[in-house]
């Protein structure tokens with residue numbers, strides 16, 4: 001039997017370094033966090049070869065005495081926990097492992113001078129061995145240099161990526177920390193070239209727009225919400241301002257940058273009926289909760305957190321985001337693009353005369369009042385028939401009858417944000433004249449959003465949660481912990497129309513499913529819900545599935561492209577858009593309208 005032995009100190013440090021220092025960006029994160037915790041107001045970062053050859057962090061913080069520098073290079077030595085209440089930690093770093101771990105796999109030089117000291121002090125550790133210890137000349141603050149990272153650990157060095165990739169990861173680290181602390185100034189240089197510079201004491205929205213995307217200042221909404229002791233602030237991009245990947249979602253908990261699955265899922269849920277499946281929102285959200293309600297000590301790199309009440313946190317984020325986006329009204333994040341402007345012809349080509357089209361009546365001549373249903377849940381067939389009748393009424397096609405159309409008042413353009421209709425192009429786009437420019441509306445995308453909001457207002461959500469009983473209950477075999485989680489949520493799932501019973505230790509019995517999902521695979525639905533419970537601790541996926549069905553119904557029930565509309569119908573559509581929240585984008589995140597400002601039109605004709 002092998003003999004148990006105590007590992008040597010240098011090997012312990014190298015093992016710890018494998019957990020804390022994965023790549024140059026990991027070391028940089030620890031050093032910048034230390035500078036922030038030291039009370040710095042200006043932080044300068046210098047990199048060479050993406051941090052593979054050099055990482056240097058200089059700050060104007062509180063500094064350290066010579067004895068404190070020596071102690072900081074010992075394992076589990078920190079000034080950030082004055083007592084033993086780790087659940088109330090308020091600093092970014094607190095483990096006391098970063099500096100000794102970095103010093104065990106690189107050449108680490110610490111120079112520091114506290115206020116009032118006549119001179120600074122310098123201490124160098126070369127891959128765990130003391131190389132230099134003596135006085136140094138520098139202003140108040142601390143300067144730390146990391147050179148030859150993993151230089152004597154080739155097994156780790158060969159797994160690092162190219163300098164360009166390591167630089168990109170390091171830049172992302174500095175950007176996130178700079179976003180979390182708008183009161184601190186940051187400067188970053190790479191191979192002698194300045195790549196980032198932000199001034200201290202900036203407004204949060206201005207700092208976010210500067211670091212994420214300048215367009216976010218005009219194409220985003222401010223998020224401010226409070227619920228109990230929790231507070232959420234930040235900037236969220238309009239649904240029409242989105243990306244193909246989720247790398248522009250910045251999430252913070254108590255000032256700490258995190259990559260938390262619960263928060264990412266909440267963002268996806270908030271945008272669920274406004275974005276296509278393969279598109280992602282652009283935002284920066286800052287969540288503040290009491291320190292005792294969040295555990296930050298679950299990962300060595302402190303990038304993951306665990307909430308005491310995850311369902312509350314998710315509900316709070318979803319509600320706050322949706323409220324902020326609804327406040328954007330009919331805003332669209334799609335101005336007339338420069339490339340599109342360049343395609344306008346200066347000299348109009350000869351075109352055939354436009355033939356008049358017949359009137360088709362009005363789109364919104366029907367009453368969309370709330371559903372008045374007295375059906376009990378047991379009378380599924382009668383309730384379904386009532387809902388189908390209401391659905392047909394909401395999404396009915398325009399009546400094809402001729403009727404006189406009054407001429408639009410020219411002065412009305414000044415009263416309506418989207419102006420008054422002047423015509424239709426290609427049977428798809430409505431052209432309207434507003435006080436400040438020319439508005440072009442995609443009739444299908446716009447009506448799709450209007451129908452979805454009317455379905456919700458008419459009680460479609462309640463109708464969607466009705467159950468469709470199965471002729472033969474289906475047995476779904478699952479692991480026992482998954483069945484336990486489902487059993488705890490039976491009452492909540494029943495309110496969504498999914499009726500379950502426990503069927504032995506490792507199986508669930510499905511008696512009914514939501515009526516709109518009656519044709520789906522009941523077993524697959526239950527397994528998806530069980531997986532969702534395991535990830536988030538709440539039945540999130542089922543609600544999102546129902547919202548997706550409702551959005552699909554709205555898409556198929558809206559006015560199609562290619563349908564000719566009368567002037568009255570076009571104006572009715574414009575007025576309804578002005579009254580409907582989130583009408584600036586369709587259910588898939590595409591814009592419903594764009595505007596060509598007067599000055600843009602004047603530029604086309606050389607007037608400006």
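Only the coordinates and a few stated rules stand behind these numbers; no lab work does. The model shown is predicted, which means the values in this text are computed figures rather than measured ones. Ideal geometry is used to build each Cβ from the backbone, glycine not excepted, and the neighbour counts take in all protein chains shown.
Using R₀ = 41 Å, calculate the FRET efficiency as 1/(1 + (r/R₀)^6) where r is the Cβ-Cβ separation of residue 214 and residue 157; round to 0.05.
0.65
How long is the gain from residue 5 to residue 293 if the chain were fully straight, where each residue apart is worth 0.36 nm and the alpha carbon distance is subtracted?
99.7 nm
Which FRET efficiency value, to the nearest 0.05, is calculated for residue 563 and residue 261 with the Förster distance at 35 angstrom and r the Cβ-Cβ distance?
So the FRET efficiency works out to roughly 0.20.
How many nm is it between the label spots at residue 472 and residue 487, if each spot is 7 Å from the Cα in line with the beta carbon?
2.6 nm
What is the ratio of the Cα radius of gyration of the range 204-326 to 2.2 N^0.38 Å, with N the residue count, to two decimals?
1.00
Pull out a ≥ b ≥ c, the square roots of the eigenvalues of the alpha-carbon gyration tensor of the range 9-198, then state rounded if a/c is under 1.5, prolate if not and a/b is larger than b/c, and oblate in the remaining case.
It is rounded, given that a/c, with a ≥ b ≥ c, falls under 1.5.
Go through 62-70, 500-508 and give me the packing order, highest mean Cβ count within 10 Å leading.
Ranking the peptides 62-70, 500-508 by packing returns 62-70, 500-508.
Would the range 109-197 count as rounded, prolate or oblate if I go by the C-alpha gyration tensor, calling it rounded below 1.5 in a/c and otherwise prolate when a/b exceeds b/c, oblate otherwise?
oblate
Please label the shape of the range 476-532 as rounded, prolate or oblate, based on the square roots a ≥ b ≥ c of the eigenvalues of the alpha-carbon gyration tensor (a/c under 1.5 means rounded; beyond that, a/b larger than b/c means prolate, else oblate).
prolate
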